[in-house]
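Visitor: To start, I am sharing the structure in question, which I have written as structure tokens.
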Amino acid sequence: MPENREDDQQLIDRFGGHGINRDNAAHFRGRLERRLLMSRCGDCGRWQHPSRPMCPDCWSWNMTPEEVSGRGTIHLLMELHQGPPAEGVDYRDGHPVVTVELEEQPALRFTSTVTADFPDDDLEIGAPVELEWIDRDGTPMPVFRTRSA
Amino acid sequence: MTTRNPMKDQVAIVGLGSTGFTRDGDRSPLAMALAAATEAIRDAGLTAADIDGVVATSEPGADGPEVIAAALGITEATHHTKPTPVAMFSLLDAARAVFTGAADHVLVVTPVVMGPWNSRRAADDPWRRGTRSSILPIPEDAGKAAAYAAWASRYIHEYGASKDPFARIAINSRTNAAHNPLAAIATPLSFGAYDAARMIRDPLNIYDMDLPVDGADAFVLTTAERARALPHHPVLIHAATSGIVGKNDEDQLVGLHRTGQHVVVEQLRRHSDLWIDDIDLFYPYEGFTIITLAWFENCGFCPPGGAESFLREHWNDDAQRIEIDGRIPVNTHGGSLSEGATRGTGHVREAVHQLRGTAGPRQVEGAQAALVTPGGFFFNPQGAVLRRA
């Protein structure tokens, strides 16, 4: 992709708080199309997150963003009772933050929240989830909804 | 993975200085650093003219070694670095400078500064508003500090643990802080108060997390040989290390069964003649209580998941504190949960005070060796065995 400074600046402005850089820009571009992209090695096939320019397993530089299924299980879970202000986030009852282990590869994980109607009974480590997209401040955001195992 | 430890017992900690810690600070980071530094240099029986190495941590809002050197009136220095905060990065750097001959008397200055991101009082302070943090301003960030709550939930899930061992870590620190004039909070904590505490990041409540504070510690290090001529009984760095696993992004860590803590413990065991049966004092970091449970388990006091029963069995109910085998106290100064978030420098300072016999009302009689384990799971686990010369 040729460099497009105006386009890059728009992307940076949109995801300013997310630690966006040259190496993970494709992941954030994917979010604008509601596709969850993660970096995958074209030589050994291993996934890597967060995105880095070289494969740590085989030292290949042939890393390409590919879409993941978004299916997985809750591996880590916390409920925030305070935190930075964000649209649609209410800390009074605890804002859930889940780290989901994706089915693509052991220990390949993505951290986000869950949908507003996520059943309390399903919110536990080991629970099966799948990807859903919401909007926050007009920008698509990947979150998780419950699914039957 | 090396078994070589040529630095064993060759470097001594000979000077200590501390401002004490407060949640109501009104001094500049430089003023705090200089107060601790001058105290440490005087405590070592030295003057600014003797200091030829300056190590100052890269704490957000604090000053670098060049500013410290200028402000202290140091003549010239041949070692000047700015390591990441968390105690052993600076102390190891200083020790290696002494051992290699880069400098003879190295000053280590480790200020901690409350920032707008961790303290409402700091956010209201016009002198601090410009200070930046690397913590992302989005809620769904399992990076940095928040990850400890996430992994605490995993620990509870994997081992069926209750919050009881977490409470004991918090209560132990408060109990021990009662006799530490440097502590930010020294009032006792009860199990009832712990259970009723405000949740911050469930499963961790406000007592599971260390206190943002203002203050500074400082240390002076020199060779074991030079130390013999200085005022205090020398305390030697017997073994010290940091350690990480390669896959250490907070939410990508493979599991609690293999963290930087394991790397630290294995390296210390290769390098140290002394281990947990030989020590008199234990200083596991408790920036978050989950970290401490892991240090107990990973150092081998108990098996993985065994901290709950271990802490119950080694609890002195009258004193409301941990005493391993009725003998080894834990975080005798009150740790980061009471003294404040010193990033482990308080743990090292207290261990040195105990080993040289200057711990005042907290003194453990005849203490010869201490195990100090600052840092958490991801990018900063560290450890040291310190012994009285």
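The values are calculated or read from the model by the stated rules, or taken from the named source; none is laboratory data. Given the structure is predicted, the values throughout are model-derived calculations rather than measurements. With ideal geometry, Cβ positions are generated from the backbone for all residues, glycine too; neighbour counts draw on all protein chains shown. Heads up: the accessible areas ignore ligands, DNA and RNA and are worked out on the full protein's heavy atoms, side chains in. Shrake-Rupley method; radii C 1.70, N 1.55, O 1.52, S 1.80 Å.
Visitor: More than 10 Å from chain B (Cβ to nearest Cβ) and not in a loop (DSSP other than H, G, I, E, B): does that describe A:Arg31?
Guide: Here the answer is yes, as A:Arg31 does meet what is asked.
Visitor: Residues that are away from chain B (no Cβ under 13 Å): find the strands (runs of 3 or more DSSP E) completely inside the stretch A:52-149 holding 2 or more of those.
Guide: Those strands (runs of 3 or more DSSP E) span A:63-67, A:128-136, A:139-146.
Visitor: Now a separate question. Against the condition within 14 Å of chain B (Cβ to nearest Cβ), over 23 Å from A:Phe144 (Cβ atoms) and surrounded by 14 or more Cβ atoms within 10 Å (Cβ to Cβ), how does A:Cys41 come out, does it pass? Before the answer, list the steps.
Guide: Numbers: within 14 Å of chain B (Cβ to nearest Cβ): no; over 23 Å from A:Phe144 (Cβ atoms): yes; surrounded by 14 or more Cβ atoms within 10 Å (Cβ to Cβ): yes.
When the stated conditions are applied, A:Cys41 does not pass them.
Visitor: Among the helices (runs of 4 or more DSSP H) confined wholly to the stretch B:93-209, which include 3 or more residues that are away from chain A (no Cβ under 14 Å), more than 19 Å from the chain's Cα centre (by Cα) and not charged (D, E, K, R)?
Guide: Details: elements: B:120-123, B:147-159, B:164-177, B:191-195.
Qualifying helices (runs of 4 or more DSSP H): B:191-195.
Visitor: Identify, please: which residue in the stretch B:121-140 is at pLDDT 85 or above and closer than 18 Å to B:Asp249 by Cβ and is, among those, surrounded by the fewest Cβ atoms within 10 Å (Cβ to Cβ)?
Guide: The selected residue is B:Ile138.
Visitor: Would you mention how many residues in the stretch B:351-367 are outside any helix (DSSP H, G or I) and within 16 Å of B:Val14 (Cα to Cα)? Explain how you work it out, then say what you get.
Guide: Here is the first cut: in the stretch B:351-367, the ones outside any helix (DSSP H, G or I) are B:357-359, B:363-367.
The next check asks that each one be within 16 Å of B:Val14 (Cα to Cα); those that pass are B:357-359.
Residues that pass the stated criteria total 3.
Visitor: Of the residues that sit in the stretch B:210-228 and are within 27 Å of B:Pro361 (Cβ to Cβ) and aliphatic (A, V, I, L, M), which one is nearest to the other protein chains (Cβ to nearest Cβ)?
Guide: B:Leu211
Visitor: Shifting gears a bit: If you take the residues of the stretch B:274-305 that are outside any helix (DSSP H, G or I) and open to solvent by less than 10 Å² (accessible area, probe 1.4 Å), which of them is farthest from B:Glu323 (Cα to Cα)?
Guide: The first filter runs over the stretch B:274-305 and keeps only residues outside any helix (DSSP H, G or I), leaving B:274-288, B:299-305.
When the remaining residues are screened for being open to solvent by less than 10 Å² (accessible area, probe 1.4 Å), the result is B:279, B:281-284, B:286-287, B:299.
Working: B:Ile279: 13, B:Leu281: 10, B:Phe282: 10, B:Tyr283: 12, B:Pro284: 13, B:Glu286: 16, B:Gly287: 20, B:Cys299: 16 Å.
This residue is B:Gly287.
Visitor: Being without any contact (Cβ under 8 Å) to a residue 60 or more places away in the chain, of a type outside the set (D, E, K, R) and closer than 20 Å to A:Arg40 by Cβ is the requirement here; does A:Ala107 meet it?
Guide: So A:Ala107 fits the description; yes.
Visitor: With within 23 Å of B:Pro231 (Cβ to Cβ), open to solvent by 10 Å² or more (accessible area, probe 1.4 Å) and of a type outside the set (S, T, N, Q) as the only criterion, which of B:Val364, B:Val348 stands out?
Guide: B:Val364
Visitor: I'm told B:Asp249 meets every condition in (1) within 14 Å of another protein chain (Cβ to nearest Cβ); (2) in contact with an Asp or Glu (Cβ under 7 Å, 6 or more places away or on another chain); (3) not hydrophobic (A, V, I, L, M, F, W, C) except one. Can you identify the failing condition by its number?
Guide: For B:Asp249, the exception is condition (2).
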